[in-house]
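Report on the structure given below.
The values are calculated or read from the model by the stated rules, or taken from the named source; none is laboratory data. The structure presented is a predicted model; accordingly, all values stated were derived computationally and were not measured. A quick note on method: Cβ atoms are made from the backbone with ideal geometry, for glycine too, and the neighbour counts reach across all protein chains shown. When the accessible area is computed, the model is the full protein with side chains, heavy atoms only, and any ligands, DNA or RNA have been set aside. Shrake-Rupley method; radii C 1.70, N 1.55, O 1.52, S 1.80 Å.
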Amino acid sequence: MKEFTVSEIKELMSAFSKNNIGSMSVSGGNFELKLESIKQSQTAAGAPAPVQAAIVAGMEYAAAAEKKEEKLTGHVVKSPIVGTFYASPAPDKPPYATVGEKVKKGDVLFIIESMKLMNEVTSEFDGTVSQILVENASPVEYGQPILTIE
């Protein structure tokens, strides 16, 4: 499932307000955002009500993402760049790491493709892969947790 970043939520809010859209609903993962245009309605702060609702929704999403990350145990391996996650070197090859597999410091864990470059991410720890948090060929953000090693 696609999870939205705070910057993606801001882009949606901007597109919503600039294009005078009447209503919009977007969802992904455990996140749902609904915006409705309320003409002539202003909040006490002076921001249009839909924009304020979107800001609150974005803040709730960021808090939920932080909570989810707090529940992770062991060493969390995060994406060093924005790109696409690949578990194996090629579609017909086995994955670099699987849940329950022992890895050593320096072993390749996965690839992040960014701007047509394949960037191998290696383990900084010895241990056992306990979770893989991203599906193969999924887009990932900088700093997004990819897997855990215990």
(request) Report the label-to-label distance for S23 and D107 in nanometres (one decimal), using points 7 Å from each Cα along the Cα→Cβ vector. (result) 5.2 nm
(request) Pull up all non-local amide H partners of L109: gap of 5 or more, or a different chain, and H-to-H distance under 5 Å with H placed in the peptide plane. (result) V121, T122, S123
(request) Filter the trypsin sites (Lys or Arg not before Pro) in segment 68-150 down to the DSSP loop ones having no more than 15 other Cβ atoms within 10 Å, then list what survives. (result) K71, K104, K105, K116
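Find the accessible area per residue for segment 71-144; the probe is 1.4 Å, ligands and nucleic acids are left out, and the unit is Å².
Working: 4710 Å² over 74 residues.
That works out to 64 Å² per residue.
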(message) Once ligands and nucleic acids are excluded and a 1.4 Å probe is used, how much of D107 is accessible, expressed in Å² to the nearest 10?
(response) 60 Å²
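Too long at a 30 Å Cα-Cα cut-off: which of K18/K71; K10/K93; K71/K104; K93/K116; K71/K105; K34/K116?
Numbers: K18/K71 38 Å; K10/K93 38 Å; K71/K104 24 Å; K93/K116 19 Å; K71/K105 24 Å; K34/K116 35 Å.
Table pairs above 30 Å Cα-Cα are K18/K71; K10/K93; K34/K116.
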(request) Compute the FRET efficiency between L117 and S138 as 1/(1 + (r/R0)^6), taking r as their Cβ-Cβ distance and R0 = 22 Å, and round to the nearest 0.05. (result) 0.80
(request) Could you pull out every residue, at least 5 positions away or on a different chain, whose amide H is within less than 5 Å of the one on V140? Hs are placed 1.01 Å off N in the peptide plane, and Pro or chain starts have none. (result) G83, T84, F85
(request) Provide the per-residue ³J(HN,Hα) series for segment 74-85, in order, calculated from phi with Karplus coefficients 6.51, -1.76, 1.60 and θ = phi - 60°, each as a whole number of Hz, with x at glycine and proline positions. (result) x, 7, 8, 9, 10, 5, x, 8, 7, x, 10, 7
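Using a 1.4 angstrom probe on heavy atoms only, work out the carbon and sulfur share of the accessible area of segment 70-111 in %. Could the numbers behind the result be given before it?
On the way: 1480 of 2620 Å².
After summing per-atom areas, the C and S share lands at 56 percent.
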